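Read through the structure below, which is laid out as structure tokens, and then see the notes.
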Amino acid sequence: MASNHHQKLKKNFLIYCFLILVAGYGYSQTITGGVITASDSLNISEVTGPVSRAIQPFNDTLVFDTIVDTKREFKPDPMKSVWLGAIFPGYGQIYNRKYWKLPIVYGGFLGFAYAISWNNSRYTSYKNAYIDISDNDETTNYHIKILPRGYTLQNYPGGVTTYQARLKTGMDQFRRYRDLSVILSVGYYTLVLLDAFVDAHLYDFDISQDLVLNVAPARIEYEQNPRSAYGLQCSIRF
């Protein structure tokens, strides 16, 4: 009787251990499946407890690593700088962010504008005086108004003929100066556009300390001449 009772207890103990093993294996599979499923397709909110706390830092890391810096380094377009400078003088330098060149650019334009205006006014004065002295109308006497101080047509050195020739020479001279100022201003305008174009091309040109120019005295030997020549030797390292 005692033997049967002992066998029954042993059998019940084995069944109890088997059930514990089966329950533990099923619980571990549930957790493992939750982690894999949550990382693949399911919503993380479906996984609760310690599993959700384990997944959350991993999810945050993915979001942080996928942030892309879209800020680009400025690089001017050479053709755009030329067109902007052609529409509005000096705007090519503004586009290239070379603001220190603006006083030079606008100072040159103001200088040429003054030269054109002054030479044109002098040309107009001499032209009107020459026309007045050449006609027979006594009411047109602009040539008298521009006579040097202290002179009249009667006491002018050389007389009226000399004064008339002087007016003609002054008219041609200031007209030539005016036209030359216009040509030079157009050339200066072209130079400003060229500066903007080249400056945009060389905006990111390497001017680091690796670029070295060495100038040193050198002795030049000739095969057929016993005498040597001396000069300067230039070498560029980059």
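Derivation of every value follows stated rules applied to the coordinates shown; laboratory data play no part. Model, not experiment: these values are computed from the prediction. Reconstructed Cβ throughout: ideal geometry from the backbone, glycine too, with neighbour counts over all protein chains shown.
Can you check what the net charge comes to around residue 141, using other residues whose Cβ is under 13 Å from the Cβ of residue 141 (Lys, Arg +1; Asp, Glu -1)? Write down the numbers at each step before the final one.
On the way: positive: 145; negative: 132, 135, 137, 138.
Within the 13 Å Cβ shell, the charges total -3.
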Fill in: Neighbour-count order for 117, 235, 185, 81, fewest beta carbons within 10 angstrom listed first
235, 117, 185, 81
Discussion item. For a quick check: sort 82, 198, 192 by the number of other beta carbons within 10 angstrom, fewest at the front.
Written reply: 198, 82, 192
Fill in: At R0 = 22 Å, FRET efficiency that the Cβ-Cβ distance of residue 118 and residue 83 yields, to 0.05
0.10
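Quick check for the range 78-204: number of Lys pairs with alpha-carbon distance under 19 Å, counting only pairs 8 or more apart or on different chains?
5
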Worksheet item: Local charge sum around residue 171 (other residues, Cβ-Cβ under 13 Å, Lys/Arg +1, Asp/Glu -1)?
Response: +4
Response to the item:
residue 173 and residue 232 label points (each 7 Å along its Cα→Cβ direction) are spaced in nm at 4.2
